[in-house]
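Peer 1: Shown below is the structure under consideration.
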Amino acid sequence: MRARPLLSRARAAAALRNIIMPCSRRARARLLLSLSAWAAAAASHAEPLTYAAALDLAARSAPSLQASAVKVDAARAASRAAGRLPDPRLSVGIDNFPISGPPSGRFDADDMTMSRIGVMQDVPNAARRRAEVAGATATIAVAQAEGAETQRRVRVATALAWIDLAYAERRLGTLDQLVGGLKDLWAAQPPSIASGASRPAAGLEPKRLQALFADRRSELVAAAQKARAELVRWTDDPAPTTSGEAPHYEIDPGALHAALERHPSLLTAEATERRAAADVDGARAARRPDWGVEVSYGRRDPMFGDMVSAGVTMSLPIFRATRQEPLVAARLADRNRARIEREARRRDLLAELDGGLADHRMHHDQWRRSVEVLVPTAEQRAHLELASYAAGRAGFDEVRMALTDLADAKLEALAREAMAARDGASLVLTYGSDQ
C-alpha cells in the first residue's frame with residue numbers, strides 16, 4: 001500500500017500565511033482603535049440590516065411596544081372621567097296611593113296621591129375627587145414608564161441579537177477559512193510515522209482536531225440560527241442578515257451611574273408609589289361626608305294641584321373605627337410597600353450595573369490580551385516552529401499543532417471581541433440616558 005506523500009515545507013509555509021493573514025498587524029491596529037469594524041460577509045437577503053436599521057425596525061414593529069402605546073392611550077382616556085360627578089339618577093314613582101278605607105285603589109280619591117318624577121345627583125366630597133384625579137394621573141405615568149422600560153428591553157434584545165448574528169457569521173467565515181488552510185496539514189502523514197520513529201496512534205490526532213473544529217462550527221451555526229430567530233422576533237424581517245459595522249460604545253461608569261435615577265424601572269416604581277399615595281388620600285376622603293341633591297315633580301289630580309319637592313342628602317361616616325380607618329391603614333401599608341419596593345429596585349439596578357461594568361472590564365481586558373498577546377504569540381510560535389522544521393530541528397507534529405493553536409487563538413479572539421461588544425451595547429442601552 002502506497003503511503004500518503006508528506007507535506008512539503010513550502011506548503012506548510014503557505015498554510016501558515018493563510019492562517020496569519022486574517023489577523024495582520026494592520027488588522028490588529030484597527031481592532032485596538034475600534035471595538036469592531038468590519039464589512040459583513042456577502043448576504044443572501046436583498047436588504048441586509050445594519051445595526052441602526054435593526055433598532056429602528058424593532059421600534060416600529062415590536063408588538064410589545066405597540067401594546068405599551070395602547071396601554072398609555074387607555075390610561076389617558078380613563079383619566080378624563082376622573083374627578084367627575086357621578087351620573088345623575090332618574091326617580092319615577094307613585095306617592096301616597098291609598099290601599100285601605102273608602103278611597104282604596106283610586107288615584108283620584110285622595111288629594112295626596114300623585115305620580116312623581118325626579119332627578120337625583122350624588123356629589124362626592126372634593127377631597128375624594130382630587131384623589132381620583134391624582135390616581136388617574138399616576139396611572140398614566142405608570143403606563144408611560146412601563147412603556148419606556150419595554151422600549152429599553154426591546155432595544156437591548158434587538159441589539160444583542162444583531163451582534164450575536166453578526167459575530168456568528170464572521171466567526172463562521174473565519175473558521176471556514178482557517179480550517180481550509182489546515183486541511184492539508186491535517187491530511188499529511190508525519191515523517192516520523194512514515195519512518196517508524198513514532199507510534200501509528202499519533203496519526204489519529206488530526207482526526208480528533210478535525211472533529212473538535214467541526215463541533216465548533218456546529219455551535220456557531222446553531223448560534224447564528226438562534227440569533228437570527230431572535231432578530232426575526234423583534235424586527236419581523238423573515239430572513240435577516242447583518243451588514244455594516246458593529247456598534248462601538250464608549251463606557252462611562254460615572255454617566256451610567258448618574259443616569260440610573262431616571263431609569264424607567266425606577267420611574268415606574270415612583271409612579272406606582274404616587275398612585276398608592278392617591279389611594280391613601282381617597283381612603284382618607286371617605287371619612288368626610290358626601291352630599292346629594294334631589295328635585296322631583298309630583299302630578300296630582302287637577303282639582304288638588306301639582307307639587308314640587310327638593311332635598312339634600314349627606315352621608316354619615318360615623319363608624320370610622322370599623323369602616324374607614326381599616327381601609328386607610330391598608331392603603332398606607334400599600335404605599336409603604338411601594339416605597340420599599342422602589343428602594344429595593346434601585347439597589348438591584350445599582351448591583352446589576354456594577355456587575356455589568358465588572359464583566360465588561362473583564363471581557364474587554366481578555367479581548368485585548370487575545371489581540372495583543374495571545375494571537376501574536378501564537379503567530380510567533382508558528383513562525384518559529386516552521387523555521388525549526390525547515391532546519392530539521394522540529395517535527396512535523398509540532399508544526400501542525402502550532403498552526404492549529406494559532407487558528408484556535410484567532411477564533412477565541414473573535415469570541416472575546418463579541419463578548420465585549422455585547423457588554424457595551426447592553427450597558428449603554430439598559431442603563432444609559434435616553435436623551
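Every number in this text was worked out from the coordinates using simple rules, so none of it is lab data. Predicted model only: the values in this text are computed from it and were never measured. A quick note on method: Cβ atoms are made from the backbone with ideal geometry, for glycine too, and the neighbour counts reach across all protein chains shown.
Peer 1: Please work out the FRET efficiency for the pair R369 and R345, using the Cβ-Cβ distance as r and a Förster radius of 51 Å; give the result to the nearest 0.05.
Peer 2: 0.90
Peer 1: If you place +1 on the Cβ of every Lys and Arg and -1 on the Cβ of every Asp and Glu, how big does the dipole about the Cα centre of the stretch 42-141 come out, in debye to the nearest 20?
Peer 2: In debye, rounded to 20, the stretch 42-141 gives about 360.
Peer 1: Using the count of nearby Cβ atoms within 10 Å as a rough guide to exposure, how do K410, K207 rank from fewest to most? Working shown, then result.
Peer 2: Numbers: K410 25, K207 10.
Result, fewest neighbours first: K207, K410.
Peer 1: Between A59 and D122, how many nm apart are label points set 7 Å from Cα along the C-beta direction?
Peer 2: Rounded to a tenth, the inter-label distance reads 4.6 nm.
Peer 1: Quick check: convex hull of the Cα atoms in the stretch 322-435, volume per residue, rounded to a whole Å³?
Peer 2: 126
Peer 1: Taking a cut-off of 30 Å between Cα atoms, list the lysines near K183, but don't count ones fewer than 8 places away on the same chain.
Peer 2: Those lysines meeting the cut-off are K207, K226, K410.
Peer 1: Follow-up. Step through the residues of the stretch 152-157 one at a time and calculate ³J(HN,Hα) from phi using the Karplus curve (6.51 cos²θ - 1.76 cosθ + 1.60, θ = phi - 60°), rounding each to whole Hz and writing x for Gly and Pro.
Peer 2: Going residue by residue, I get 5, 4, 5, 4, 5, 4 Hz, with x marking Gly and Pro.
Peer 1: Then there is this: Exposure proxy check: V133, V328 ranked by fewest other beta carbons within 10 Å? Please report the intermediate quantities before stating the final value.
Peer 2: Values: V133 14, V328 19.
Neighbour counts put them in this order, fewest first: V133, V328.
Peer 1: Find how much the distance from R393 to D354 grows on full extension, using 0.36 nm per residue of separation minus their present alpha carbon separation; answer in nm with one decimal. List each step's numbers first, then the result.
Peer 2: Values: separation 39, 0.36 × 39 = 14.04 nm, distance 5.17 nm.
That pair, R393 and D354, stretches by 8.9 nm at full extension.
Peer 1: A further question follows. Each label point is 7 Å from the Cα along the Cα-to-Cβ direction; what then is the distance between the points at D252 and D176, in nm?
Peer 2: 4.2
Peer 1: Ok, one more. Cβ neighbours within 10 Å, averaged per peptide: list 356-363, 422-429, 303-310 in order, most packed at the top. Don't skip to the answer; put the middle values down first.
Peer 2: Details: 356-363: 16.1, 422-429: 21.8, 303-310: 10.9.
Ranking, from highest mean packing down: 422-429, 356-363, 303-310.
Peer 1: So for the pair A67, Q380, with labels modelled 7 Å out along Cα→Cβ, what separation do we get in nm?
Peer 2: Computed distance between label sites A67 and Q380 equals 5.6 nm.
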